[in-house]
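**Student:** Submitted below is the structure of interest, expressed as structure tokens.
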Amino acid sequence: GENVEQHPSTLSVQEGDSAVIKCTYSDSASNYFPWYKQELGKGPQLIIDIRSNVGEKKDQRIAVTLNKTAKHFSLHITETQPEDSAVYFCAASNYRIQGAQKLVFGQGTRLTINP
Amino acid sequence: NAGVTQTPKFRVLKTGQSMTLLCAQDMNHEYMYWYRQDPGMGLRLIHYSVGEGTTAKGEVPDGYNVSRLKKQNFLLGLESAAPSQTSVYFCASNRGLSSGANVLTFGAGSRLTVL
């Protein structure tokens, strides 16, 4: 089955700097790669996702890149702000429209933005 | 809309006791999931459902049972709790059955401690 590895487990950056979180996956059949943000005491919430037919996707200060050949994908956050402090999870799945979304998650990265 | 609601939020059990976690969604979603979150291990899928009256095993189903008698509710049961089941449990749902309907909406979590 799919296995997703996420690094680093903790990341501390100065406010305004960029943060990068990296994930690798094992199953070449995986075609959907979302990133979830989990704030303290809350459930994870989708912040951005990418499908395997796209190499990069941006949404304001966040971007995700995908390298299918190397089986890795990354989350980039620019101009970090205190509200970016949270735990971030990458995930992968072999998504089919009429099928369950059985995500396999990475271990999580605790991101701390220092003022 | 409340989204995905989990009850209870906290529970302490003794080894061997039984309990049920309730997940309710008001978004008319077809698919529902139960995940457990443990430190350093991300979220792991326990069981899922692709519609009313259906359930299926996920990655770590042992020791758990589920039922989905109504479309809006997904119950997770522990028949004989063990300390290894101490975890934070998250319920999630997604609309499914159409393009773009794959995003999971998570509840706020239920923290279970088994002594």
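**Student:** Is there a residue in the range A:84-95 that is without any contact (Cβ under 8 Å) to a residue 40 or more places away in the chain and either surrounded by fewer than 22 Cβ atoms within 10 Å (Cβ to Cβ) or touching a Cys at 6+ places or on another chain (Cβ under 6 Å) (or both)?
**Tutor:** For the range A:84-95, residues without any contact (Cβ under 8 Å) to a residue 40 or more places away in the chain and either surrounded by fewer than 22 Cβ atoms within 10 Å (Cβ to Cβ) or touching a Cys at 6+ places or on another chain (Cβ under 6 Å) (or both): present.
**Student:** Further question: Being over 10 Å from the mean Cα position of the chain (by Cα) and of a type in the set (Gly, Ala, Ser) narrows it down to one of A:100, A:92, A:63, so name that one. Give the derivation first.
**Tutor:** On the way: A:92 fails: over 10 Å from the mean Cα position of the chain (by Cα); A:63 fails: over 10 Å from the mean Cα position of the chain (by Cα).
Result of the check over A:100, A:92, A:63: A:100.
**Student:** Given (1) more than 14 Å from every other protein chain (Cβ to nearest Cβ); (2) out of contact with any Leu (no Cβ under 6 Å at 6 or more places or on another chain); (3) at pLDDT 95 or above, identify the lone condition not met by residue B:46.
**Tutor:** (1)
**Student:** A further question follows. Can you work out which of the residues in the range B:19-34 that are free of Cβ contacts under 8 Å to residues at least 60 places away in the same chain and in a strand (DSSP E or B) is surrounded by the most Cβ atoms within 10 Å (Cβ to Cβ)?
**Tutor:** So the residue we want is B:34.
**Student:** Here's another thing I want to ask about it. Restricting to the range A:102-115, count the residues that are touching a residue at least 40 places away in the same chain (Cβ under 8 Å) and either surrounded by 23 or more Cβ atoms within 10 Å (Cβ to Cβ) or under 26 Å from residue A:2 (Cα atoms) (or both).
**Tutor:** 9
**Student:** Please go through the range B:1-18 and pick out each residue that is in a strand (DSSP E or B) and within 27 Å of residue A:95 (Cα to Cα). So that I can check it myself, show each step before the final result.
**Tutor:** In the first step, residues of the range B:1-18 are kept if they are in a strand (DSSP E or B); the result is B:4-7, B:10-13.
Of everything in the range B:1-18, those that are in a strand (DSSP E or B) and within 27 Å of residue A:95 (Cα to Cα) turn out to be B:4, B:5, B:6.
**Student:** crowded, with 16+ Cβ neighbours inside 10 Å and among the hydroxyl-bearing types (Ser, Thr, Tyr): is that true of residue A:30 in this structure? Working first, answer last.
**Tutor:** Numbers: crowded, with 16+ Cβ neighbours inside 10 Å: yes; among the hydroxyl-bearing types (Ser, Thr, Tyr): yes.
So residue A:30 fits the description; yes.
**Student:** Scan the strands (runs of 3 or more DSSP E) fully inside the range A:21-115 and keep the ones with 1 or more residues being at the interface with another protein chain (Cβ under 8 Å from one of its Cβ atoms) and under 23 Å from residue B:49 (Cβ atoms).
**Tutor:** The strands (runs of 3 or more DSSP E) meeting that bar are A:32-38, A:45-51, A:86-92.
**Student:** Just checking, does the range A:5-18 include any residue being modelled with pLDDT under 95, on the phi < 0 side of the Ramachandran plot and facing chain B (nearest Cβ under 10 Å)?
**Tutor:** So far as the range A:5-18 goes, no, none of its residues is modelled with pLDDT under 95, on the phi < 0 side of the Ramachandran plot and facing chain B (nearest Cβ under 10 Å).
Each row is one residue, and each column tells you yes or no for (1) over 28 Å from residue B:31 (Cβ atoms); (2) at pLDDT 95 or above; (3) of a type in the set (Gly, Ala, Ser); (4) in contact with a strand residue (DSSP E or B) (Cβ under 7 Å, 6 or more places away or on another chain).
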| site | (1), (2), (3), (4) |
| --- | --- |
| A:47 | no, yes, no, yes |
| A:50 | no, no, no, yes |
| A:53 | no, no, no, no |
| A:60 | yes, yes, no, no |
| A:64 | no, yes, no, yes |
| A:76 | yes, yes, no, yes |
| A:79 | yes, yes, no, no |
| A:85 | yes, yes, yes, yes |
| A:96 | no, no, no, no |
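The values are calculated or read from the model by the stated rules, or taken from the named source; none is laboratory data. Everything numeric here is computed off the predicted structure, so don't read it as measured data. Positions of Cβ are backbone-derived with ideal geometry, glycine not excepted, and every protein chain shown enters the neighbour counts.
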